[in-house]
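As structure tokens, the structure follows; a few thoughts come after it.
The values are calculated or read from the model by the stated rules, or taken from the named source; none is laboratory data. Quantities reported herein were computed from a predicted structural model and do not represent experimental measurements. Virtual Cβ from ideal backbone geometry, glycine too; neighbours counted across all protein chains shown. Only protein heavy atoms, including side chains, enter the accessible area calculation; ligands, DNA and RNA are left aside. Shrake-Rupley method; radii C 1.70, N 1.55, O 1.52, S 1.80 Å.
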Amino acid sequence: MDVRAVDAGGVFIEIAEAGSGERRVLLVHGFTGAKDDFGEAVDRLADAGWHAVTADLRGHGNSEKPATEDAYDLELFADDLWALVDVLGWERFVLLGVSMGGMIAQVAALRHPERLDGLVLMDTSSGPPEGIDGSQLDLGVAVAREHGMAILQELQAEHAGNDPMATPASVRLRAERPDWEEYERRKFLASAAAMWAAMAPKMLSQDDRLDALAALPMPVLVIVGEQDRPFLGPSERMAKAIPRARLAVIPDAGHSPQFENTEAWWDALASFLQEVH
């Protein structure tokens, strides 16, 4: 796997890639994530004959971090994706997005559906996720703006018992991988405070795209962990609304099925990619 920085329409984005050829797939991480979330998958996809690329979104990881909140929006993230694939010279490809990355993937797919051979929407929603308590959101935004991500991380750690993303699968993952907590902390602290302050409210107040998604013409795989409560219902509705979509519910997994039940996640993705091509 090679890592390099590219100029995606004036925003410097760091990517990791492996493989070559005409079968191409772009993997997009979620809110406060990083390209590392698909590092293992990139190498495995390359071994299966794909040119696989994953990127740190703007405001994340090692990519450029604009300092103002107006530099962050689902549409702007989608701009970056299309600029990136143009730099890569890709005319057609498969797009996968997880969580916020899945929301970005929807916006991107609706913009240029003719350029997608397939779309994978993973643990995401067409509108606001379900069951997320926004009562502390204003506090989180204020902390991010005034004190930065380290203090926000400490605040979230104090309220970890109320985390809707906490599942039996995530607890098991932490027990199986002692470095997991530090891995998550490192990604969070590498995220821009302006990005957090901008996107946390926008994800909870966004308009629902479900009716628009019903017009997508390409094959679509909707993947969701069976324990991922905020996204299970939305995933079921997207799979039902999109004409060429199918749903894969990953057992014994929550919001990160590529880590929590890797083989079941891989089997669902690999079978879809094989059918696409």
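Points to keep in mind about this one:
- Condition met for residue 251 (at pLDDT 95 or above, surrounded by fewer than 22 Cβ atoms within 10 Å (Cβ to Cβ), closer than 21 Å to residue 164 by Cα and of a type outside the set (Lys, Arg)): yes
- Per-region count, the stretch 122-167, residues under 30 Å from residue 268 (Cβ atoms) and in contact with a Ser or Thr (Cβ under 8 Å, 6 or more places away or on another chain): 5
- Figure legend. Inter-residue proximity from the stretch 131-158: first residues more than 14 Å from residue 32 (Cα to Cα), second residues open to solvent by 40 Å² or more (accessible area, probe 1.4 Å) and among the β-branched types (Val, Ile, Thr), beta-carbon distance below 7 Å, spacing 6+ or different chains. Indicated pairs: 143/151.
- Annotation note: Cβ proximity below 7 Å between a residue of the stretch 181-207 that is free of Cβ contacts under 8 Å to residues at least 24 places away in the same chain and more than 10 Å from residue 149 (Cα to Cα) and a residue that is open to solvent by 20 Å² or more (accessible area, probe 1.4 Å) and assigned to a helix (DSSP H, G or I) (sequence gap 6+ or interchain) occurs for 181/174.
- Any hit, the stretch 65-85, residues being over 15 Å from the mean Cα position of the chain (by Cα), of a type outside the set (A, V, I, L, M, F, W, C), assigned to a helix (DSSP H, G or I) and farther than 14 Å from residue 192 by Cβ: yes
- Within the stretch 210-225, residues that are surrounded by 15 or more Cβ atoms within 10 Å (Cβ to Cβ) sit with their Cβ atoms under 6 Å from residues that are modelled with pLDDT under 95 and not in a strand (DSSP E or B), at 6+ positions apart or across chains, in these pairs: 219/276.
- Filter result for residue 87 (among the β-branched types (Val, Ile, Thr) and closer than 17 Å to residue 120 by Cβ): no
- As a summary of the residue check, residue 97 satisfies the conditions (1) of a type outside the set (A, V, I, L, M); (2) farther than 22 Å from residue 275 by Cα; (3) assigned to a strand (DSSP E or B) except for the one numbered (2).
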